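Shown next, in C-alpha cells, is the structure this report addresses.
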Amino acid sequence: MMKYSTLLHSFMKHPLCVLALTPFCFHSPVHGETKIWTGLSTNLPPKWSDPVNWKPSIPAEKDDVVIGEPPYSGQAHIEVAGPIKVKSLLLNRATLTGNAQIEVISLTSKGAALTEGGALKITGGATVIRGVTGEFGLLVDGWTIDNGGFLSILENSSIDFHGQAGRLNNSGTIDLADNTAIEGLSGAGSVVLNSGAMRKV
C-alpha cells in the first residue's frame with residue numbers, strides 16, 4: 001500500500017491538482033478601500049446610496065470615507081434606513097444631512113457640519129476635531145454624537161451645537177487643547193452627558 005506522504009507528493013506534482021487545492025489552502029483577507037464622495041449625481045439632494053456620487057463605489061463597512069476632497073462637492077445627504085457603518089470618516093468643510101445613523105471607528109472633522117437630526121456613533125480609535133481659520137471644527141444641528149473612543153479637540157477648535165437640540169454622550173475620553181470649546185449648549189434640549197473622561201491637555 002502506498003504511504004500517505006508518497007501519495008500526497010504524487011498528487012501535488014500534478015499542476016491541475018495544485019490549482020484545485022489553491023482556494024482551500026490560501027485565504028486572502030478582505031481589506032477596505034478609500035471611498036471618495038464626488039457628488040456628481042444630477043439628483044438633488046445628492047444621496048449617499050447613489051453610486052454616481054462615489055469613487056470608486058458606495059462605501060462598505062471596512063472602508064475609509066472622504067467627503068470634501070477637492071475638487072468634489074462636500075455635501076452629502078444620508079437617506080438610507082438603518083445604520084451605516086464605515087471604518088473612518090474624513091469631513092473636510094463638508095456637510096452631512098439627513099435623519100440617519102452612521103457608525104465609525106474614527107472621525108476627522110475640518111470645518112464640517114451635521115444637520116437635520118441624525119446620530120453619529122464613534123466606537124474607538126483617534127477622532128480629531130480640527131478648526132478651519134475663522135470657522136468651527138464641527139457644527140452640530142440636531143444630531144446626537146456618541147463618543148465611545150478617543151476624541152481630541154485641537155487648539156482653536158470647537159464643537160458648536162446650535163439651532164435644533166443636539167446632544168453629546170461621552171463614555172470614552174475627550175481631550176481639550178488650548179482655546180477649545182464645546183459650546184452653544186444653552187439651546188432647549190441640548191445637553192452633554194459625560195460618563196467617561198474629559199481632560200485639558
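Taken together, the values in this text are just the output of simple stated rules run on the coordinates, not laboratory data. Remember, it's a predicted structure, so these values are computed and weren't measured experimentally. Heads up, the Cβs are rebuilt from the backbone with ideal geometry, glycines too, and the neighbour counts pull from every protein chain shown.
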Defining a contact as two alpha carbons under 8 Å apart and six or more residues distant in sequence, what relative contact order in percent does segment 52-201 show?
15
5 Å binning of all Cα-Cα separations within segment 32-200, expressed as whole percents from 0 upward
2, 9, 18, 24, 22, 14, 8, 3, 0, 0
So for R0 = 41 Å, FRET eff. of N99-A126 from the Cβ-Cβ r, to 0.05, ends up at 0.90
With both partners inside segment 32-200, how many of the DSSP beta bridges are antiparallel, as a percent to the nearest 5?
5
From the phi angles alone, apply the Karplus equation (6.51, -1.76, 1.60; θ = phi - 60°) to segment 195-201 and give each ³J(HN,Hα) in whole Hz, x where the residue is Gly or Pro.
10, x, 10, 10, 10, 8, 10
Of the listed pairs K87/K200; K85/K110; K35/K200, those with alpha carbons more than 25 Å apart are K87/K200; K35/K200
Under the rule of at least 5 residues apart or a separate chain, name every residue whose amide H is placed under 5 Å from the amide H of V140.
L114, D160, F161, H162
Using only C-alpha positions, report the orientation-averaged shadow area of the convex hull of segment 21-125, nm², one decimal.
8.1
